[in-house]
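Report on one structure; see the data block that follows.
The values are calculated or read from the model by the stated rules, or taken from the named source; none is laboratory data. This structure is a prediction, so every number in the text was calculated from the model and none was measured. A quick note on method: Cβ atoms are made from the backbone with ideal geometry, for glycine too, and the neighbour counts reach across all protein chains shown. Note: accessible area is taken over every heavy atom of the protein model, side chains too, but ligands, DNA and RNA are not part of it. Shrake-Rupley method; radii C 1.70, N 1.55, O 1.52, S 1.80 Å.
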Amino acid sequence: MLGTVETRSVSPVFVGRANELDTLSDALARAAGGEPLALLIGGEAGVGKTRLIEEF
């Protein structure tokens, strides 16, 4: 009846997560320097956790 319906929409533009990307980049640099650490990415469903990691 509806034919082909888009069930998922992802914007090619990634905005509003500069601080989080900086935190991830800093943690990666520290880990590469030998500092043991762990990060937890948390939040409500749909807030962009997976997209953040994919962009990182």
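Numerical summary
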read-out	value
Simple label model, 7 Å out from Cα along Cβ direction - residue 19 to residue 39, nm	1.5 nm
Angle in degrees between helix 18-32 and the longest Cα principal axis of the chain, rounded to the nearest 10	40 degrees
Within the accessible area of the chain (1.4 Å probe), percent carbon and sulfur	55 percent
From the coordinates shown, log10 I(q)/I(0) by the Debye sum over Cα atoms at q = 0.15, 0.22 Å⁻¹ corresponds to which of (i) -0.57, -0.95; (ii) -0.50, -1.01; (iii) -0.39, -0.79	(i)
Helix-only mean residue ellipticity at 222 nm for the chain, each DSSP H run of n ≥ 4 adding -39500 (n - 2.57), per residue, nearest 500	-12000 deg cm²/dmol
Solvent-accessible area per residue for the chain (1.4 angstrom probe, square angstrom)	87 Å²
